[in-house]
Amino acid sequence: MLVVIALLFGLGSLVVSSIVGQKKPNPIKLAPYECGCEPVGSARERFSVKFYIIAMLFILFDIEAVFLYPWSILFKRLGMFGLAEMGVFIVILFVGYIYVWKKGALEWE
């Protein structure tokens, strides 16, 4: 039921905005936005693979950090078992970080 409501809300928002929204396109509105500056180069430029690797690593470590929150909430109930398990988790995460660092994936050139 929630998925149906979410889909209906999304589609309804698109339909209402296309009906009610102003349609006055001009070259300035249609130009790509680049931090308030004039766009430089083509919008089809390729990014370095390093950019994608660092972006994926950021997402990976960010998601891993999310697992610390539920553990911190239930810390007292989990006791020493929870502490040991989180220690193993952090050690594995740290080993992955060291591996990525040694491979040079965090170097931005």
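The values are calculated or read from the model by the stated rules, or taken from the named source; none is laboratory data. Values in this document were obtained by computation on a predicted structure and should not be read as measured data. Positions of Cβ are generated from backbone atoms using ideal geometry, with glycine treated the same way; all protein chains shown enter the neighbour counts. Areas reflect the complete protein model, heavy atoms only, side chains present, ligands, DNA and RNA absent. Shrake-Rupley method; radii C 1.70, N 1.55, O 1.52, S 1.80 Å.
Things worth noting here:
- One residue stands out in the range 31-80 among those that are outside any helix (DSSP H, G or I) and of a type in the set (A, V, I, L, M, F, W, C): the one that is nearest to Ile98 (Cα to Cα), namely Phe67.
- Of the residues making up the range 91-109, those that are at negative phi, open to solvent by less than 80 Å² (accessible area, probe 1.4 Å) and either modelled with pLDDT of 90 or more or part of a loop (DSSP other than H, G, I, E, B) (or both) are Ile98, Ala105, Leu106.
- Residue within the range 23-45 that is among the aliphatic types (A, V, I, L, M), in contact (Cβ under 8 Å) with a residue 40 or more places away in the chain and surrounded by 10 or more Cβ atoms within 10 Å (Cβ to Cβ) present: no
- Within the range 1-22, being among the polar types (S, T, N, Q) and open to solvent by less than 100 Å² (accessible area, probe 1.4 Å) holds for Ser13, Ser17, Ser18.
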